[in-house]
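Peer 1: The structure is given below, and queries will be raised subsequently.
The values are calculated or read from the model by the stated rules, or taken from the named source; none is laboratory data. Since we're looking at a predicted model, the values are computed, not measured. For neighbour counting, all protein chains shown are included, and Cβ atoms are generated from backbone atoms with ideal geometry for every residue, glycine included.
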Amino acid sequence: MLRNLNKLSEETFDVLIIGGGIHGAALAWLASLNNFNTGLIEKNDFCSGTSSNSQKIIHGGLRYLASLNFNRVRQSIHERTRLLWIAPHLINPMPCIIPVYNHGFSGSEGMRIGFKIYNFLSSNGNKLPDPEKHIPDSSFISRSEVLELIPGLNSSKLLGGAKWYDGFCWNTERLVISYLKSAAKFGAVSANYVSAEKLVVKNNKVEGITASDNLTKQPFFIKAKNVVDCTGTWINRSLFNEKMKLVYPVISGINIVTQKLFNHEAAVGLSSKNEKSRYYFIAPWGDKSIIGTEWFYEKENSNSFKVDEKECLQFVKNVGSVDPSFKINLEDISYVQKGYVFGDKVGNDPSASLGDFIIQGFNEHSISGLLNVIGVKYTTAAFVAEEILKKINPSVKRKKILDQPKLVGGEIENLSKFKKEIHGKFSGKAAPEEIDWLFSNYGSEAEEIFKMKSSFNGKKDLMAALTIFSVKEEMARSLSDVILRRTGIGSAEKPSDSDINFIADTMAEELKWISEKKEKEINQLKNHYPAFISGYAEEKTIN
Ligand SMILES: Cc1cc2nc3c(=O)[nH]c(=O)nc-3n(C[C@H](O)[C@H](O)[C@H](O)COP(=O)(O)OP(=O)(O)OC[C@H]3O[C@@H](n4cnc5c(N)ncnc54)[C@H](O)[C@@H]3O)c2cc1C
């Protein structure tokens, strides 16, 4: 996947996508797969907006049963299955548990009935050939099972637990990169660090956009028959919004990452005891727990991803109020994620986000060739993409899941067999945990990286290979691109100084950075981590 701005300015695109978050990336993949000549531009790095701050849960839609929204349940089940199929290296089924303390419709009896319906609706989704990707039935589990799975839980009045399965995306940034690399395989042209500036319209028809290369500050024109604005909450201030009248409030959400809170393999949902009763989810993520989500109204619509210490303190306090066993302090936090979504209406509970996605198109604008998209879930981005393509060309058909090609990195038939094979191939050349780590981030691309590793000498040869791979194959241009959004080395905690310096030196050599540029990159990366979170990590075991 090469950053080719000449190509961007020479072609006339059937579909030009603005924004390289999950919605833009999934659309680029599906549009190119459906033979649309596709372009995508992203003003910062790919997946540097809200999409890198999702809690990584690939929802199976169980929650929509409570509102009897069967369409949304089916849609979520379908998307969970699709992702398990196209990106089997990144997405796995994840058990989820909610302790239940009351009887009745919203308690143990209601849940038992709900599970019967949900199991029926999801049984169709289990047609994937790899049994590891099947979703087990949901069930009501006993009190003792709950206490075994959630040690330390308040057991007074505990009746049992609701247990179901969602998916978990190990590395959300790599899923976006996988979509874009797969789109490139089908001819799509994508570029990061390119801003859309102005829509160009003639006779009420879109002709393209003026854009700016943010690395050189050079303006240029991109010709397009259709422009799709996938800029997330930036859409509020988008240059294409004059005709749109979108008045949803922006809300910010934060997730915190801590050392593993307890020994858990299941995500645990705990109900808060503050005035607005809501659930916090503690999901296992390797040796960490990722806890979400606390929501806030965004007063200035800033879209700055800087985390406020006061907001974090409130979150920590609320989680502690759920159950003293899960009390955490600021010092326990290794990383904080912050992202933005739209709320449903001003003045409502900030946790009430917009219920469903919105695609505004030809009928709403007085110009043809412009679509504005607001997605609400990382999980359903490909579904939204299909709806967009159907608006552009009604003859586009939804393909059966098993007929869809796997994403780059996901070309794996059977997970266990594949893992065994790569362990066999590379044993002696790398530690087993290194192989596992590489596999869970890069899937079938791990082999290529191992080959690159052998061309480097020295202690950090894998890190060198990953850095060069990110720059040459995945358009990484800044230190943060490599550390936060390609390798994931720094997306759960601040890497060690030695790792940061090594990657910066490797990039400086590859991209011919002068020393001032390198220092600037290091400072920018370090500033990304809020000052109030704990110190640096140990050097990575991936050397
Ligand atoms: C805290 C939190 C937790 C969440 N957890 C989950 C979860 O567990 N599961 C789930 O399914 N969903 C979750 N969500 C929702 C999900 O993350 C979002 O719906 C999704 O990431 C939005 O993606 P997007 O592509 O629309 O927007 P973004 O990821 O924000 O992408 C928009 C992109 O457009 C770019 N852009 C803006 N203006 C321009 C321009 N002029 N030119 C070029 N590019 C431009 C931006 O730089 C940005 O990269 C969560 C959300 C939050 C906030």
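Peer 1: Kindly check whether there is at least one residue in the stretch 78-96 that is of a type outside the set (A, V, I, L, M, F, W, C), more than 24 Å from ASP356 (Cα to Cα), more than 16 Å from the ligand (Cβ to nearest atom) and not assigned by TED's automatic domain parsing to the domain that holds TRP234.
Peer 2: The answer is yes, given that some residue of the stretch 78-96 is of a type outside the set (A, V, I, L, M, F, W, C), more than 24 Å from ASP356 (Cα to Cα), more than 16 Å from the ligand (Cβ to nearest atom) and not assigned by TED's automatic domain parsing to the domain that holds TRP234.
Peer 1: Quick check on the stretch 34-60: of everything there that is more than 6 Å from the ligand (Cβ to nearest atom) and not in a loop (DSSP other than H, G, I, E, B), which residue is nearest to THR380 (Cα to Cα)?
Peer 2: ILE58
Peer 1: Conditions first: (1) part of a helix (DSSP H, G or I); (2) within 25 Å of the chain's Cα centre (by Cα); (3) outside the structural domain of GLY39 (by TED's automatic domain parsing). TRP164 passes all but one, so which condition is the exception?
Peer 2: For TRP164, the failing item is (1).
Peer 1: Sort out which residues of the stretch 404-432 are surrounded by fewer than 14 Cβ atoms within 10 Å (Cβ to Cβ) and within 24 Å of the chain's Cα centre (by Cα), and write them in order of number.
Peer 2: Residue satisfying the conditions is GLU413 alone.
Peer 1: Which pairs do you get when a residue that is modelled with pLDDT of 95 or more, found in the stretch 7-23, comes within reach of a residue that is hydroxyl-bearing (Ser, Thr, Tyr) and near the ligand (Cβ under 6 Å from one of its atoms), reach meaning Cβ atoms under 6 angstrom, with the pair 6+ apart or on two chains?
Peer 2: As it stands, the answer is ILE18/THR231; GLY19/THR231; GLY21/SER51; ILE22/SER51; ILE22/TYR378, since those pairs meet every condition given.
Peer 1: Which number in (1) in contact with a strand residue (DSSP E or B) (Cβ under 7 Å, 6 or more places away or on another chain); (2) more than 15 Å from the ligand (Cβ to nearest atom); (3) assigned to a helix (DSSP H, G or I) marks the one condition that ALA31 misses?
Peer 2: (2)
Peer 1: Here is a check on your reading of the model: is ALA352 within 16 Å of the ligand (Cβ to nearest atom) and modelled with pLDDT of 90 or more?
Peer 2: Judged against the criteria, ALA352 is not a match.
Peer 1: Right, another one. Exactly one condition in (1) in contact with a His (Cβ under 8 Å, 6 or more places away or on another chain); (2) assigned to a loop (DSSP other than H, G, I, E, B); (3) assigned by TED's automatic domain parsing to the domain that holds THR233 is not met by VAL373; state its number.
Peer 2: Among (1) in contact with a His (Cβ under 8 Å, 6 or more places away or on another chain); (2) assigned to a loop (DSSP other than H, G, I, E, B); (3) assigned by TED's automatic domain parsing to the domain that holds THR233, VAL373 violates only (2).
Peer 1: Under 7 Å by Cβ, and 6 or more places apart or on different chains, what pairs join a residue from the stretch 370-394 that is more than 27 Å from ARG63 (Cα to Cα) with one that is part of a helix (DSSP H, G or I) and away from the ligand (no atom under 11 Å from the Cβ)?
Peer 2: Sorted first by the residue in the stretch 370-394, then by its partner, the pairs are LEU371/ILE388; LEU371/LYS391; LEU389/LEU30; LEU389/ALA31.
Peer 1: Here's another thing I want to ask about it. Does at least one position in the stretch 236-244 carry a residue that is at pLDDT 90 or above and outside any helix (DSSP H, G or I)?
Peer 2: No - not one qualifying residue is present in the stretch 236-244.
Peer 1: Related question: Of the residues SER106, SER123, SER76, SER144, which single one is out of contact with any Pro (no Cβ under 6 Å at 6 or more places or on another chain), part of a loop (DSSP other than H, G, I, E, B), at negative phi and of a type outside the set (A, V, I, L, M, F, W, C)?
Peer 2: Every option except SER106 fails the conditions.
Peer 1: Which residues, counting only those in the stretch 191-214, are within 12 Å of the ligand (Cβ to nearest atom) and of a type in the set (Gly, Ala, Ser)?
Peer 2: Answer for the stretch 191-214, where residues must be within 12 Å of the ligand (Cβ to nearest atom) and of a type in the set (Gly, Ala, Ser): ALA191, SER195, ALA196, ALA211, SER212.
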